[in-house]
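A.B. asks: Dumping the structure here so I can ask a few things about it.
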Amino acid sequence: MRFFSTSMFRGLIAQVAGTVLGMGLAMALRVVFGLPLSSPIEAEDAHIREVIVVVGVLVGAIAFLVGSGVFTDWFKWARGEETSDDHTPDPSKPNWMRYFSVDFDHKVIGVQYGVTSLLLLLFGGIFAMLFRIELSGSGITFLNSEIFKVLLGYDGPHLYNTLMSLHGIVMIAGILLGVGAMSNYLVPMLIGANDMAFPRLNAFAFWINVPGAAILLSSLFFGGFDTGWVGYPPLSLRAPLGMQMFLIGVYLVGLSSIAGSINVIVTTLTMRAKGMSLFRMPIFCWAALATALLQFSATQLIGLSFQLVMLERLMGMSFFDSLQGGDPVLYQHLFWFYSHPAVYVFILPGLGVISELLPVFGRKPLYGYRWVALSSFGIAVVSFFVWAHHMFVSGMSPFLRIPFMYSTLLVAVPTGVKFFSWAATIWQGKTIFKTPMLFALGAVVIFLLGGVTGPPLATIATDLHLHDTWFVVGHFHDTMFGGFIFPFVAAIFYWFPKMSGRMYNEKQGKIQFWLMFIGFMLMSNLQLILGLLGMRRRVVDFDAALGFDTMQLALTIGGFMVFFGMLLFAYNIIRSWTKGEVAEGNVWDSRSPEWQKPNPMPLHNYEQPFEVVGEPYDYGLPNSRYVNMNPAGGSPSAH
Amino acid sequence: MADNTESRRAALNRGVWVALMLAVLTFGEFLVGVIAPPWGTLLLVVAAFKAFFVITEYMHIGRLFSSDEEH
Amino acid sequence: MIHLLIVGVLVVVATLGLGLLLTQTGILPAQASQQAITIDWLFNIHFWFIAFFVALICVVIVYSLIVFRRKAGEKGDGVYMHGNQRLEILWTVVPIGIVLWMAVIGGQTLSDVERRDPQAITVDVFAAQWSWRFQYEVTTEEGVRTAVASDVLVLPRNQQALLRLHSQDVIHSFYVPEFRVKQDILPGGEEYVRELRITPNTNGTYTVQCAEICGQGHYSMLAQVQVVDGSEFTAWLTEQAADCNLSDVECGQRWAETFGCLGCHTTDGTVKIGPTWLGLAGHAVELTDGSTVTADTNYLLTAIVDPNAQIVAGFQPNVMPQNFDELLSQEQINQIVAFIESLGN
Amino acid sequence: MSAVESYATKLVRNRMGLWLFVISDAFVFVGLFIARMVLLGDTRPHLDQGLGLGVTIMLLISSFFMNRAEVEMAHGNRPAFLRNIFITMALGVIFLVGVVGVEWQIAHFGPADGQQGAVFYAMTGFHAFHVLTGVIFLFIVWNNGRRGHYSAEKHWAVEACAIYWHFVDVVWMFFYVGLYLLGTPIV
């Protein structure tokens, strides 16, 4: 019953009420201005409904935030009232309630991000499995089932397009939240801060995702959309109402990303422990900082491009419809200016986790720390100048193509530095094969595939063949699994004792790894081969004469292996959270400051600020310390 | 407050100078834009100049990089 | 040192194995154009680099994990080595050199692929949701210039074809895997027409696919490409340029095929994107506003030239192109109606 | 319990956070400006020049008063601060009325009329939304100042408000050129 007094519940109730209210408001305004509420002409009637629903949904999103209570402190400030900086939780409430309520503790927010992320990844996975069943053979069969028509009002190719588009964007939202989870949970802890710089902004940045995700998923019930996750106009101008839900949902998630990244930058730059110069930060913080720089700047342009599409749909303003004087290629420029750097937003934190874990389990220093740190920045900076490689065949000005080919190929250089450094770190290491390390190693291999399949796409002549084929799908899944999914799973296993105070089940973790690694290799290599053979992407059906049936069936099996691996993961962490073996002390024998504290992490991370006295990854160097946990007392607690 | 009077005067005067500068530039822009439209690039340069004034003088971007308080 | 030597040998072996696997097992479709030859040459260079890089990293990692792994009961840390400035500079500078070289040969390949032949024959490609139409300009024996439309792209072998790509609604993309090239097709006027040059070099039948998602029927937006000898091509074009001298119904069927009607409307009763034509003419049709009309000749004429006027229940407005009255002559429209009416029972 | 952080420490963070927000927001306007350059090129919408100059001057003068208000507060001169910030707010409202209330009504085209309508209403609309939020911010600061908040030492809210308001002004400097002065008018 206490669930009913949580922010989550109050927010969702407020969102429903707000949506209804907003729709009523829109209708009332139309009546006041003498506009019709319906029209005998089908197209016009649909447009009127769209305007009303969009206003309702926007009001609903704001209502969620007000209802959940994220704004409460800010409203107090606006009225000139003081608020307390002490966020010690109410002891009369059970601990689980904190995770469903507005809480300013970065560890709670980090877990909230993480759980929401995993939920979205689950939805994205279910969508993928649905259309994978369809794609396991030629002919349209499964998605023509009566049940879909009954449930959603549409089926067949349109359902495929909707599922495929939603799979893409829901996964991306899930990944963005996962990035938020890692940044929020880890950055303050690793740099010795007790919280983020702006705890309220942090809570806002998380909670805005909840209505955002709800709206995004609701597009399934508003007729879906058939544009893929890129939403290119003019197609997105003609898509059903579900398109608007996609645009609004992504916009809200993007807003979260911007707010969160500002927090990360300020926290990293101003709240480091004494003695922690930038080049003595744990390597993950470099990745988080580079990520945040991309997020806070580029995200605005996808927001803008989506708003312009919304305005074009709602008000008939012609930005992108070339039949009305707009320019469809302009949208692609605005969209990719974010969406290319976004890919690095997804992978940089993951690469940071890999760099963080390899030394701990290899018992060796991270090879070339400075180069690894700066390569994150190199990738971030270069990524601003490569967006048009998504547009080699788009019909943009031809003179743009060659410069973008050069800049894109240059991304290989800092990425290469990372690979060489990882290989050198692993070389001659006394590797301990615990689950987090398995996932980190798996990530290196998978990301390697993603890396080497990049240059054929970056080179225009070969891209002419590969663009919009399954090769792109394979390349992208390689980078996402190697750059995010595997490192994210590794990070959750690795810091699980910090979160819960307990250990995960090692055996299940290892089964999960092999299930996912083998399944993924099967899946992604077949995607790459299908693409090379010329199978275009985003099609519900393919000609049986092409002979792709067997490969597609195997691909589906690989996909399901990955899916079941993730289900096992969910089972493992849910069960271990309460039933796992109690994990005491420095489980991994790590030098990092957070492991010098008890598990789970104390409420206020470091009551006693620590001092950095050495390099972070000097494993194998006798008598070296990274942190002095008790600078006043002088007694070393870290080795 | 008496000890602040001098710095206050100086700050207010600075504000006046910036405003005058902006007014002159804006009027110039207007004339160029209305009389000689092809000089578009020049107008953007002038606008950037104005923006630079506001960012340094009114928005005090310098404070971002100074750790000590000015007053 | 001995370890590095073994790794070196293994890298060479793995590179050779992987490189041969990628270049010799036919993971690219058949080549059917001059452009494909050039592009595949570049693909093979990429494949060798991929093979080398994958081999290098994987061999080092796997070798280290197996040989140096922590054996049972072993304690202590790995070898302390925190970095080597020279090595780092080396593996930054060498890749820069490599990618610059790749970019240079990439640029050369591109200019090779896009080389213009002034003798190229021009074909106007019209893409619409969800059909293809190819239009040739022919000068008949009497010296009259006339357009020939076809739903099959016929191209002469060893002659460059200049495709001018037009879209009537959303973005599409012209893609024939065997030709290796692809170009998005933008809607809008002449300003948005994009060009693609292909020099087919092997006779055969291929498929044009739309490679940019364009809505419900995207998956079925296919057309046939036939590469034939030059003389055969000329004969085909002359034949097409002749007026349709068949019966109205047969001519109607021909227009329905060439102008893409059958991409959405079937003649066998299955429902695709639009209503089927089988058993349509003369029968009652329920509209979205709930009313019912009879599909007589007038209804069919309106449905072709102004498709949004009456939407059949269960179908969407704005799906069918609204410019058929510009594309087709009145005679052609009448013949299509005659064809639909022939399917009435 | 962690030590309560000092006002000065927080001020450094707040400034950095606000500036990051401003830079981030600037990307939207840069995007809009690029869209304008792509869609309109060397033409400009057909607009009332007098009105354009008028609202621009209003906004510039408001920035001047905003600066005065901040200087006065930094020197603890509350009445002058309140007076100046009120004038800023009033000028902001006049700007809004000038753009949304007058220019939008007398323009020769609506939002759905081709690229010039799309560009003009999008640019002024996005900017007007920022002016509106700025006016609300000014009102909150004015209202709290009236009730005795802020001092010469602690007035971050005033500084934040000033930075935001000047930012809105800076954006308009470019938008004024982009909408009213650049290129030849579309007839």
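The values are calculated or read from the model by the stated rules, or taken from the named source; none is laboratory data. Source: prediction; values computed, not measured. Reconstructed Cβ throughout: ideal geometry from the backbone, glycine too, with neighbour counts over all protein chains shown. Calculation scope for accessible area: heavy atoms of the full protein, side chains included, ligands and nucleic acids excluded. Shrake-Rupley method; radii C 1.70, N 1.55, O 1.52, S 1.80 Å.
A.B. asks: Mind telling me which of the residues A:Phe564, A:Phe560 ends up being surrounded by fewer than 20 Cβ atoms within 10 Å (Cβ to Cβ), closer than 29 Å to A:Val587 by Cα and more than 13 Å from chain C (Cβ to nearest Cβ)?
C.D. replies: Result: A:Phe564 is the single residue among A:Phe564, A:Phe560 that is surrounded by fewer than 20 Cβ atoms within 10 Å (Cβ to Cβ), closer than 29 Å to A:Val587 by Cα and more than 13 Å from chain C (Cβ to nearest Cβ).
A.B. asks: Being within 21 Å of the chain's Cα centre (by Cα) and of a type outside the set (A, V, I, L, M, F, W, C) narrows it down to one residue among A:Ser257, A:Ser277; which is it?
C.D. replies: The unique qualifying residue is A:Ser257.
Per-residue answers, yes or no, for (1) in contact with a Ser or Thr (Cβ under 8 Å, 6 or more places away or on another chain); (2) at pLDDT 90 or above:
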| position | (1), (2) |
| --- | --- |
| D:Phe109 | no, no |
| D:Gln115 | yes, no |
| D:Ala118 | yes, yes |
| D:Ala122 | no, yes |
| D:Leu132 | no, yes |
| D:Val141 | no, yes |
| D:Gly145 | no, yes |
| D:Ala157 | no, yes |
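A.B. asks: Within the range A:393-467, considering only helices (runs of 4 or more DSSP H) that don't extend past its boundaries, which have at least 2 residues that are within 23 Å of C:Glu88 (Cα to Cα)?
C.D. replies: Those helices (runs of 4 or more DSSP H) span A:401-410, A:412-426, A:435-452, A:454-458.
A.B. asks: Within the range A:300-311, identify whether any single residue is more than 30 Å from C:Lys75 (Cβ to Cβ), at pLDDT below 95, surrounded by fewer than 24 Cβ atoms within 10 Å (Cβ to Cβ) and over 26 Å from the mean Cα position of the chain (by Cα), and answer yes or no.
C.D. replies: Scanning the range A:300-311 turns up at least one residue that is more than 30 Å from C:Lys75 (Cβ to Cβ), at pLDDT below 95, surrounded by fewer than 24 Cβ atoms within 10 Å (Cβ to Cβ) and over 26 Å from the mean Cα position of the chain (by Cα).
A.B. asks: Check whether at least one residue in the range D:127-150 is within 14 Å of chain B (Cβ to nearest Cβ) and open to solvent by 10 Å² or more (accessible area, probe 1.4 Å), and report yes or no.
C.D. replies: Looking for residues that are within 14 Å of chain B (Cβ to nearest Cβ) and open to solvent by 10 Å² or more (accessible area, probe 1.4 Å), one finds at least one in the range D:127-150, hence yes.
A.B. asks: Find all pairs meeting these conditions: Cβ atoms under 9 angstrom apart; at least six residues apart or on different chains; first residue within the range A:585-604 and assigned by TED's automatic domain parsing to the domain that holds A:Tyr494 and open to solvent by 20 Å² or more (accessible area, probe 1.4 Å); second residue in a helix (DSSP H, G or I) and at pLDDT 90 or above.
C.D. replies: As it stands, the answer is none, since no pair meets every condition given.
Rundown of residues vs (1) without any contact (Cβ under 8 Å) to a residue 24 or more places away in the chain; (2) surrounded by fewer than 24 Cβ atoms within 10 Å (Cβ to Cβ), yes/no style:
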| residue | (1), (2) |
| --- | --- |
| A:Ala461 | yes, no |
| A:Met480 | no, yes |
| A:Pro487 | no, no |
| A:Lys498 | no, yes |
| A:Ile518 | no, yes |
| A:Met521 | no, yes |
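A.B. asks: Quick test for you: out of A:Gly228, A:Gly223, pick the one residue that is more than 29 Å from A:Tyr626 (Cα to Cα) and open to solvent by less than 10 Å² (accessible area, probe 1.4 Å).
C.D. replies: Going through A:Gly228, A:Gly223 in turn, the sole match is A:Gly228.
A.B. asks: I would also like to ask the following. So which of A:Thr162, A:Thr141 is over 14 Å from the mean Cα position of the chain (by Cα), within 14 Å of another protein chain (Cβ to nearest Cβ) and surrounded by fewer than 20 Cβ atoms within 10 Å (Cβ to Cβ)?
C.D. replies: Being over 14 Å from the mean Cα position of the chain (by Cα), within 14 Å of another protein chain (Cβ to nearest Cβ) and surrounded by fewer than 20 Cβ atoms within 10 Å (Cβ to Cβ) holds for just one of A:Thr162, A:Thr141, which is A:Thr141.
A.B. asks: Let me ask something additional. Does the range D:92-122 hold any residues that are open to solvent by less than 20 Å² (accessible area, probe 1.4 Å) and closer than 18 Å to D:Leu60 by Cβ, and which are they?
C.D. replies: Within the range D:92-122, D:Gly92, D:Phe95, D:Gly98, D:Val99, D:Glu103 qualify.
A.B. asks: Given the criterion closer than 30 Å to A:Gly228 by Cα, touching a residue at least 60 places away in the same chain (Cβ under 8 Å) and either facing chain C (nearest Cβ under 9 Å) or open to solvent by 30 Å² or more (accessible area, probe 1.4 Å) (or both), identify the matching residue among A:Gly442, A:Gly395, A:Gly451. Steps first, please.
C.D. replies: On the way: A:Gly442 fails: either facing chain C (nearest Cβ under 9 Å) or open to solvent by 30 Å² or more (accessible area, probe 1.4 Å) (or both); A:Gly451 fails: touching a residue at least 60 places away in the same chain (Cβ under 8 Å).
One residue alone meets the criteria, A:Gly395.
A.B. asks: Identify all residues within the range A:398-422 that are surrounded by 22 or more Cβ atoms within 10 Å (Cβ to Cβ) and either of a type in the set (Gly, Ala, Ser) or not assigned by TED's automatic domain parsing to the domain that holds A:Leu441 (or both); write none if there are none.
C.D. replies: A:Ala412, A:Ser421
A.B. asks: Here is a further query. Filter the range A:522-551 down to residues that are over 19 Å from A:Phe142 (Cβ atoms) and away from chain C (no Cβ under 12 Å) and give me whichever is farthest from the chain's Cα centre (by Cα).
C.D. replies: Taking the candidates together, the pick is A:Leu522.
A.B. asks: What tally of residues in the range C:187-205 results from selecting those that are more than 20 Å from C:Asn323 (Cβ to Cβ) and either open to solvent by less than 50 Å² (accessible area, probe 1.4 Å) or aliphatic (A, V, I, L, M) (or both)?
C.D. replies: Here the count works out to 7.
A.B. asks: OK, next. Can you give me the number of residues within the range A:314-354 that are within 13 Å of another protein chain (Cβ to nearest Cβ) and closer than 30 Å to C:Lys71 by Cβ?
C.D. replies: Summing the residues that are within 13 Å of another protein chain (Cβ to nearest Cβ) and closer than 30 Å to C:Lys71 by Cβ in the range A:314-354 gives 1.
A.B. asks: With respect to the numbered conditions (1) in a helix (DSSP H, G or I); (2) within 28 Å of C:Trp101 (Cβ to Cβ), which one is the sole condition not fulfilled by A:Phe513?
C.D. replies: (2)
A.B. asks: Separate question: Run down D:Asp25, D:Asp48 and say which single residue is farther than 30 Å from A:Glu607 by Cα, within 14 Å of chain A (Cβ to nearest Cβ) and of a type in the set (Asp, Glu).
C.D. replies: That would be D:Asp25, the only listed residue that is farther than 30 Å from A:Glu607 by Cα, within 14 Å of chain A (Cβ to nearest Cβ) and of a type in the set (Asp, Glu).
A.B. asks: May I pose another question? Take residues that are open to solvent by 60 Å² or more (accessible area, probe 1.4 Å) and tell me which of the strands (runs of 3 or more DSSP E) falling wholly in the range C:65-169 contain 1 or more.
C.D. replies: The strands (runs of 3 or more DSSP E) meeting that bar are C:121-128, C:131-139, C:145-150.
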